1. Only one of Asn165, Asn161 is loosely packed, with under 15 Cβ neighbours inside 10 Å and either assigned to a loop (DSSP other than H, G, I, E, B) or in contact with a strand residue (DSSP E or B) (Cβ under 7 Å, 6 or more places away or on another chain) (or both); which?
2. Those residues that are closer than 13 Å to Gly84 by Cα and surrounded by fewer than 17 Cβ atoms within 10 Å (Cβ to Cβ), I need them from segment 12-39; list them, please.
3. For Ala135, state whether it is outside the structural domain of Ala56 (by TED's automatic domain parsing), of a type in the set (Gly, Ala, Ser) and either under 18 Å from Ser30 (Cβ atoms) or touching a Ser or Thr at 6+ places or on another chain (Cβ under 7 Å) (or both).
4. Looking only at residues that are in a helix (DSSP H, G or I) and β-branched (Val, Ile, Thr) in segment 83-139, which one is farthest from Arg59 (Cα to Cα)?
5. From the list Thr116, Thr83, which one is closer than 28 Å to Pro220 by Cα and hydroxyl-bearing (Ser, Thr, Tyr)?
6. Residues in segment 123-141: is at least one out of contact with any helix residue (DSSP H, G or I) (no Cβ under 8 Å at 6 or more places or on another chain) and small (Gly, Ala, Ser)?
7. Tell me which residues, restricted to segment 27-82, are of a type in the set (S, T, N, Q) and either in the same structural domain as Arg121 (by TED's automatic domain parsing) or not in a strand (DSSP E or B) (or both).
Amino acid sequence: MLALGHIAPLVGQPSEIKLETAQAKITTVSAMRARRAPQITAPEIARLKLGTVVNAIARSTNQDTVGDKTDYWYRVNLPNNQTGWIFGGLLQDYDANRRVQLLRQIIEGRLTAENTDFADRQEIYNLAASSAIQAKDVNTRAEFELLKLLALAGWARTVPNNQSNQSPYREWHKLHGAEVIPNEFGGGHNMRSELLWNLEARYHTLPIADRIAWAAAENPQPHDCEGDEVCHLFVFAGAIKYLNLHPKGAHASVALNNLSELLTEDVIKRANDKGGDQYVVEERTNLRKLLRSLRAALWKTSASEKTELQKKLDRINTR
């Protein structure tokens, strides 16, 4: 039994200890299983969504280990007027006065969690969306709207790009198909970056705008650049837009270093070349336009990392 991570109560011990007062808890994973008894082999009687608040009325006599967590089991009041046992390692103490902070922590934790599937990410998205609607001030609303889009981006990656007519993806495409791009090269879907840029424009005067803009700049988009260095520069050109919007932003140094790496000798050569067919000329025209935008961004920023990038730009004819 110990090898399975379950610590059975000693003979003669009570199976539970009643709590003096009910303790509010909130679920930190999706599809939280409530069981008939305080052990992982007990029958499942309900599943609770991510961010569900429950009241614990008793705990198990002994602690249990499930995965990498050791905690008590808690008997809680369920929404269906039953009681069930939930492992405490997947719960967190809930305080209504700290609801915003707790929801933020739970959502951000799930966004970075590994091995989450389509259903898990749907719950993350739904919790972020409902939190944004319930937000009482504009700063909180902006934060949860950003988390909602980050959740959508993660959710989209779990949707196969060739199964749009199959359940449960059919309904998902009806609701979110216009917000994503099928990734034919890497599988799944990528969220359109303009959703984040539009969000940044809506909240540009708020402190969180910097974080939104950087999320937009880093949002991956489908591409088949392989070894084409000019193509790579265009794919990651969001860093230039970030610098233009937030030249003194928290990520300005990182953006400048990334752009300096992308502005390779091959890119410089192709920007300075002459002649070529209509496709080469068109690419060079667009490349020079992009580099003019980068040059304008450098004028705005005072980050020391711009020096090396400026030297490279000085070698290019952007006219």
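1. Matching residue, one of Asn165, Asn161: Asn165.
2. Arg36, Ala37
3. Taking the combined requirement at face value, the residue does not satisfy it.
4. Val138
5. Unique residue meeting the criteria: Thr116.
6. Yes, that holds for at least one residue.
7. The answer is Thr28, Ser30, Gln39, Thr41, Thr52, Thr61, Asn62, Gln63, Asn80, Asn81, Gln82.
Quick grid of which residues meet (1) within 27 Å of Ala151 (Cα to Cα); (2) of a type in the set (D, E, K, R); (3) not assigned by TED's automatic domain parsing to the domain that holds Lys148:
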{"residue": "Ala201", "(1), (2), (3)": "yes, no, no"}
{"residue": "Ala217", "(1), (2), (3)": "yes, no, no"}
{"residue": "His232", "(1), (2), (3)": "yes, no, yes"}
{"residue": "Leu243", "(1), (2), (3)": "yes, no, yes"}
{"residue": "Asn257", "(1), (2), (3)": "no, no, yes"}
{"residue": "Thr264", "(1), (2), (3)": "no, no, yes"}
{"residue": "Lys269", "(1), (2), (3)": "no, yes, yes"}
{"residue": "Asn286", "(1), (2), (3)": "no, no, yes"}
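The values are calculated or read from the model by the stated rules, or taken from the named source; none is laboratory data. Because the structure is predicted, anything quoted here is derived from the model rather than measured. When we count neighbours, we look across all protein chains shown, and the Cβ atoms used for this are built from the backbone with ideal geometry, even at glycine.
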